[in-house]
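Questions regarding the structure given below will be posed in turn.
The values are calculated or read from the model by the stated rules, or taken from the named source; none is laboratory data. Please read all numbers here as calculations on a predicted model, not as lab measurements. Using ideal geometry, Cβ is built from the backbone for each residue, glycine included, and neighbour counts are taken over all protein chains shown. In case anyone asks, the SASA skips ligands and DNA or RNA and just uses the protein heavy atoms, side chains included. Shrake-Rupley method; radii C 1.70, N 1.55, O 1.52, S 1.80 Å.
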Amino acid sequence: MKAAQIAVVLFGPKGKGSFNESGLAGAERARALGHAVAVHWVEPISADERAQALRAICATSSPDLLVAHGGQGDLPVAAVHGEFPGTQFAITQGGFTGFNTASVEVLQEQSAFLAGVLAGLATTSGVVGHLSGEKVRPGLKGRAAFAHGLRASGRPCRFLTLFCGGQHDPELAYRAASALQRAGADLVFAMIDGGRAGVNQACREGPMKQIGNVLDWVARDPEVFVASAVADSGRCVTSAIDDFVHGRLTPGSHRAVGLESPDTVRLVMAPSWETRFGSVIESFRSRLLKGDLSLLTEYDGEEFDWQHAQVGAS
């Protein structure tokens, strides 16, 4: 029997970004399980360009399953899935579903909420920043949850949030992070991908520390990172492929994994921060797991006008 042909699409520059690193690792795990997986990198920024790229992949290789990794896949898959009824689609970290499309996600908002609580407890300046690239569904939910956690910490803080416009531009991310730092932020939650090197540089140049996301950044760069809201979305890639091959991936379905799976979703803290704040964070984690706490998924506050703030900053 011929093996199912799987296409995994990663949006962004090849080999760049922790989110895509996670997705690539998920594809490689699926290969190690014996599945026939081809990885495609799609760099165009607009949803229309991404849709064109997916259309070309489906037309030329006719995959049995196409996995679009990330919320950036929602609009492109929605645009093309009806043209290829013989292909099943899966979107990680997305929300779109259809007659041949399922979505699977890790609940980044749960670890982002805990990161917000931590930031509220730990800030000394009373100013906390959030930085991301594109306004896609996972980023918006993560921002809302982080802001909720910041308020739930019980400490009054000024919250500066921005989307710089691109996930993979280190220079752009550097300028945005520097603006946050000049505005007084001593902590920044950076939900960024290929542009993270720019945020790291801004942190190294000043006193601001960073809370990462997706992967364990504390282990990778303890000089810059004091915590990381881990949400290993690449595990969705592996599970979607394995579920499809074994007949468990249901079109029209949406499946989510959260803190109940600590290998996938958790808040990692630097050892000294774990000692100081670990018990409080654990109490909030327990409340989330028990269902005693409902996360806000929309942010209704103001956004930081970072480009204007650069001009007059001292």
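Any residue that is open to solvent by less than 80 Å² (accessible area, probe 1.4 Å) and on the phi > 0 side of the Ramachandran plot - is there at least one of those in region 248-261?
Scanning region 248-261, I find at least one residue that is open to solvent by less than 80 Å² (accessible area, probe 1.4 Å) and on the phi > 0 side of the Ramachandran plot, so the answer is yes.
Which of the residues belonging to region 262-292 are touching a helix residue (DSSP H, G or I) at 6+ places or on another chain (Cβ under 8 Å) and small (Gly, Ala, Ser)?
270
Condition check ((1) in a helix (DSSP H, G or I); (2) charged (D, E, K, R); (3) in contact with a helix residue (DSSP H, G or I) (Cβ under 7 Å, 6 or more places away or on another chain)) across all residues:
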{"residue": "10", "(1), (2), (3)": "no, no, yes"}
{"residue": "14", "(1), (2), (3)": "no, yes, no"}
{"residue": "31", "(1), (2), (3)": "yes, yes, no"}
{"residue": "41", "(1), (2), (3)": "no, no, no"}
{"residue": "45", "(1), (2), (3)": "no, no, no"}
{"residue": "48", "(1), (2), (3)": "yes, yes, no"}
{"residue": "55", "(1), (2), (3)": "yes, yes, yes"}
{"residue": "79", "(1), (2), (3)": "yes, no, yes"}
{"residue": "86", "(1), (2), (3)": "no, no, no"}
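Determine which single condition residue 185 fails, assuming it passes every other condition in (1) in contact with a helix residue (DSSP H, G or I) (Cβ under 6 Å, 6 or more places away or on another chain); (2) crowded, with 24+ Cβ neighbours inside 10 Å; (3) at pLDDT 95 or above; (4) of a type in the set (A, V, I, L, M, F, W, C).
The single condition residue 185 does not satisfy is (1).
Quick one: is residue 117 closer than 26 Å to residue 258 by Cα, hydrophobic (A, V, I, L, M, F, W, C), part of a helix (DSSP H, G or I) and open to solvent by less than 30 Å² (accessible area, probe 1.4 Å)?
yes
Moving on to the next point. Give 268, 214, 218, 224 a once-over and let me know the one that is crowded, with 16+ Cβ neighbours inside 10 Å and modelled with pLDDT under 95.
When all the criteria are applied, what remains is 214.
Has region 20-40 got at least one residue that is touching a residue at least 12 places away in the same chain (Cβ under 8 Å), of a type outside the set (Lys, Arg), open to solvent by less than 40 Å² (accessible area, probe 1.4 Å) and farther than 24 Å from residue 243 by Cβ?
No, every residue in region 20-40 fails to be touching a residue at least 12 places away in the same chain (Cβ under 8 Å), of a type outside the set (Lys, Arg), open to solvent by less than 40 Å² (accessible area, probe 1.4 Å) and farther than 24 Å from residue 243 by Cβ.
Looking only at region 47-78, how many residues end up being within 25 Å of residue 107 (Cα to Cα), open to solvent by 10 Å² or more (accessible area, probe 1.4 Å) and free of Cβ contacts under 8 Å to residues at least 60 places away in the same chain?
4
Residues in region 146-159: is at least one closer than 30 Å to residue 248 by Cβ and either surrounded by 24 or more Cβ atoms within 10 Å (Cβ to Cβ) or under 19 Å from the mean Cα position of the chain (by Cα) (or both)? Don't jump to the end; show me each part of the working.
Step one: list which residues in region 146-159 are closer than 30 Å to residue 248 by Cβ, which gives none.
No, because not a single residue in region 146-159 is closer than 30 Å to residue 248 by Cβ and either surrounded by 24 or more Cβ atoms within 10 Å (Cβ to Cβ) or under 19 Å from the mean Cα position of the chain (by Cα) (or both).
Filter region 188-211 down to the residues that are open to solvent by 30 Å² or more (accessible area, probe 1.4 Å) and of a type in the set (Gly, Ala, Ser) and list them by number.
The answer is 197, and nothing else.
Something else: Having 2 or more residues that are out of contact with any Asp or Glu (no Cβ under 7 Å at 6 or more places or on another chain) and closer than 30 Å to residue 33 by Cβ is the bar; report the helices (runs of 4 or more DSSP H) wholly within region 162-246 that clear it.
217-220, 234-245
Of all residues in region 57-77 being touching a Pro at 6+ places or on another chain (Cβ under 8 Å) and outside any helix (DSSP H, G or I), which is nearest to residue 138 (Cα to Cα)?
70
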